[in-house]
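Contents: one structure, followed by commentary.
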Amino acid sequence: MGSDHAGVGTAWLVGGLLLGGAPSVWAVGRARQRRGFGTSAERVTFETLHAASMAAPPLRLGLTETSAGKSARHLRGLLGTPAIALTDTDRALAWEGPGDHHAAQLWTAAARPLESGRPVVVRPEEVLCPDPECLVRGAVVVPIAVDHRIVGTLAAITSTEPGAGLVQAALETARWVSTQLELAELDQSRARLVRAEVRALRAQISPHFVYNALTTIASFVRTDPERARELLLEFAEFTRYSFRSHGEFTTLAEELRSIDRYLTLERARFGDRLEVRLQIAPEVLPVAVPFLALQPLVENAVRHGLARKTGVGTVSIVAEDAGAACLISVEDDGVGMDPEVLRRRPEGGGHIGLGNIDDRLRSVFGDEFGLVVETAPGAGTKVSMRVPKFHAGVRAS
């Protein structure tokens with residue numbers, strides 16, 4: 001809208017200078033600006049939605065002193081009161097606006113909604129203030145609930161006798177705050193679930209790989225001690241990465257580096273029976289991917305695609321640049337499986353991690369970013385994923 005006004009203003013300004021009618025230029029520009037929202041109701045709607053959108057992000061982090069302080073100014077704009085206050089169940093968190101010397105009084109008033117779950121109206125005769133210029137003459141204190149659990153209060157402070165309209169406005173604002181806090185708890189629960197899934201995935205991978213790797217290393221101890229030492233170092237680095245305790249995301253480069261260590265150990269076990277083909281676009285190496293999103297796919301390709309196949313088997317890992325996304329696939333030319341079995345059981349046939357990885361991709365990036373599995377008996381298996389190069393809240397650590 002601003003750019004349209006600027007263009008129209010310039011055109012009229014040139015015409016005005018040529019015709020000597022500069023005053024009319026200002027009038028036309030002002031008229032166009034007034035017509036931007038059409039009506040005062042449209043402007044109020046816009047301002048309300050804008051205030052809500054600005055208050056939401058801090059609240060989506062939970063009810064804390066920091067989030068209350070950041071959201072209070074916008075909540076005050078929603079209510080249109082001289083000041084507002086937010087508390088949790090233990091203390092006052094934020095006061096926005098004049099009259100914060102009444103914070104202790106409002107905290108005392110908040111005790112009733114915290115206990116009863118019902119709003120409280122603080123009338124002028126209850127507000128004792130020797131300052132004749134003070135704007136605090138009353139308040140409406142309403143509870144904030146999350147899943148029927150009182151977690152705090154919202155106080156709308158007014159310079160007049162609090163009326164029924166303010167009570168209703170405060171209640172609706174508190175309900176909106178409650179919704180944002182419920183979403184915050186949902187986000188936190190989802191993050192805890194993802195961490196639990198990663199721990200479960202580690203537990204699934206570890207017994208199979210640890211046993212095979214140590215057995216392979218032991219077989220070289222007498223015949224080729226130097227090779228055994230190198231493999232042991234690779235095993236140590238692999239397990240250190242797999243069992244790291246920080247970060248839900250890593251770079252594609254780090255994940256591939258860990259996969260290379262895994263394949264070094266598996267090639268030592270399978271010898272010439274295992275071939276690996278890599279096709280990696282350098283520009284996608286910094287892309288952030290969920291931690292342990294690829295290694296289980298490679299392990300599946302080796303365990304289920306090749307371990308039961310006679311002769312040489314090949315695992316192909318491809319990562320391509322696709323504009324705003326990165327296309328990654330892990331393919332084997334092994335025994336394959338019945339897709340109906342896989343469809344009925346995401347972890348069907350002992351394929352570790354497929355459902356886990358699919359769930360994590362969808363929960364982080366959206367439903368359009370799940371796994372795609374192509375397989376058939378005797379036709380090998382190809383598992384593909386699409387990962388956005390940039391996504392809000394996703395950062396490799």
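Quick look at the numbers
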item: Qualifying positions in region 364-397 - touching a residue at least 60 places away in the same chain (Cβ under 8 Å) and charged (D, E, K, R); result: Arg386, Lys389, Arg395
item: Condition met for Gly305 (in a helix (DSSP H, G or I) and not β-branched (Val, Ile, Thr)); result: yes
item: Total residues in region 302-345, condition modelled with pLDDT under 90 and touching a Lys or Arg at 6+ places or on another chain (Cβ under 6 Å); result: 3
item: Hits in region 139-174 - residues which are touching a helix residue (DSSP H, G or I) at 6+ places or on another chain (Cβ under 9 Å), in a strand (DSSP E or B) and of a type outside the set (Val, Ile, Thr); result: Ala139, Pro143, Ala145, Gly152, Leu154, Ala155, Ala156
item: Region 93-113: number of residues that are under 36 Å from the mean Cα position of the chain (by Cα), without any contact (Cβ under 8 Å) to a residue 24 or more places away in the chain and either part of a helix (DSSP H, G or I) or surrounded by fewer than 17 Cβ atoms within 10 Å (Cβ to Cβ) (or both); result: 4
item: Region 114-136, subset open to solvent by 50 Å² or more (accessible area, probe 1.4 Å) and modelled with pLDDT under 85, residue nearest to Gly77 (Cα to Cα); result: Glu133
item: Pair list, Cβ under 7 Å, 6 or more apart: region 247-262 residue modelled with pLDDT under 90, other residue open to solvent by 30 Å² or more (accessible area, probe 1.4 Å) and in a helix (DSSP H, G or I); result: Glu248/Arg195
item: Residue in region 205-214 that is part of a helix (DSSP H, G or I), over 17 Å from Leu292 (Cβ atoms) and either open to solvent by less than 20 Å² (accessible area, probe 1.4 Å) or modelled with pLDDT of 80 or more (or both) present; result: yes
item: Region 381-397, residues that are open to solvent by 80 Å² or more (accessible area, probe 1.4 Å) and closer than 16 Å to Glu255 by Cβ; result: Arg386, Arg395
item: Region 259-286 - residue that is touching a Ser or Thr at 6+ places or on another chain (Cβ under 7 Å) and open to solvent by less than 40 Å² (accessible area, probe 1.4 Å) and, of those, farthest from Leu214 (Cα to Cα); result: Ala268
item: Some residue of region 321-333 being touching a residue at least 60 places away in the same chain (Cβ under 8 Å), within 27 Å of the chain's Cα centre (by Cα) and outside any strand (DSSP E or B); result: yes
item: Verdict on Val141 being open to solvent by 30 Å² or more (accessible area, probe 1.4 Å), farther than 30 Å from Leu354 by Cβ, of a type in the set (A, V, I, L, M) and modelled with pLDDT of 85 or more; result: no
item: Test: residue in region 299-313 that is hydroxyl-bearing (Ser, Thr, Tyr) and either crowded, with 22+ Cβ neighbours inside 10 Å or without any contact (Cβ under 8 Å) to a residue 12 or more places away in the chain (or both); result: yes
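The values are calculated or read from the model by the stated rules, or taken from the named source; none is laboratory data. Remember, predicted model here, so these are calculated numbers, not experimental data. Heads up, the Cβs are rebuilt from the backbone with ideal geometry, glycines too, and the neighbour counts pull from every protein chain shown. Remember, those area values only see protein heavy atoms, side chains included, never the ligands or the DNA or RNA. Shrake-Rupley method; radii C 1.70, N 1.55, O 1.52, S 1.80 Å.
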